[in-house]
Amino acid sequence: MKALLTKLAFPILNALEKSEGSYEYSPSHRTILKVMGFLFMVISAVGLYFSMKIEQWAGLFPVILFAGIGILCWIVAFLGSDKAVSKLWRNRNE
């Protein structure tokens, strides 16, 4: 399953993993990305709920934005290499 998801997320992961040079990686960065992804998805779900409840469809823009950021965090945290996590955090030694 992970191989299939990695194939689907290849455009995102490839862009993050192409950096050259050394990088600094800490396992806590991956953990924080997982938590941030969860928090962004919670914000997105709450925004969707209230947007639908008051029938204000312009509220879908932040829902899509927060969900996109949450999905990006989860893709990099669960499928990305150490270099991809480091590049997302900008912890590179060049």
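Out of every Cα-Cα pair that the chain contains, those further apart than 17 angstrom amount to 56 percent. Across region 40-56, computed HN-Hα scalar couplings (Karplus, 6.51 cos²θ - 1.76 cosθ + 1.60, θ = phi - 60°) run 5, 5, 5, 4, 5, 5, 5, x, 5, 4, 6, 5, 6, 5, 9, 6, 10 Hz from first to last residue, x flagging Gly and Pro. Helical runs (DSSP H, four residues minimum) scored at -39500 (n - 2.57) apiece and divided by the length of the chain put the mean residue ellipticity at 222 nm at -24000 deg cm²/dmol. Pick from Ile54, Ile69, Ile43: which is most flexible by mean-square fluctuation in a GNM of the chain where alpha carbon atoms under 10 Å apart are linked? Highest fluctuation of the listed residues: Ile54. Remark: spin-label model distance Ser28-Ala3 equals 3.6 nm, labels positioned 7 Å along the Cα→Cβ axis. For the chain, a simple Cβ point-charge model (Lys and Arg +1, Asp and Glu -1, everything else neutral) yields a dipole of about 160 debye relative to the Cα centre.
Taking amide H as placed 1.01 Å from N in the peptide plane, the amide H of Tyr23 sits under 5 Å from that of Asn93, each at least 5 places away or on another chain. Farthest towards the positive end of the charge dipole of the chain, among the residues Ile54, Leu33, Phe66, is the Cα of Leu33, using unit charges on the Cβ of Lys, Arg, Asp and Glu. A crude spin-label estimate for the pair Met52 and Met36, with each label 7 Å from Cα along the Cβ direction, gives 2.8 nm. The residues Val42, Val76, Val85, when put in order of fewest to most other Cβ atoms within 10 Å, stand as Val42, Val85, Val76.
Bear in mind that the values in this text are calculations on the coordinates, not laboratory data. What you are looking at is a predicted structure, and each value in this text was computed from that prediction instead of being measured. Positions of Cβ are generated from backbone atoms using ideal geometry, with glycine treated the same way; all protein chains shown enter the neighbour counts.
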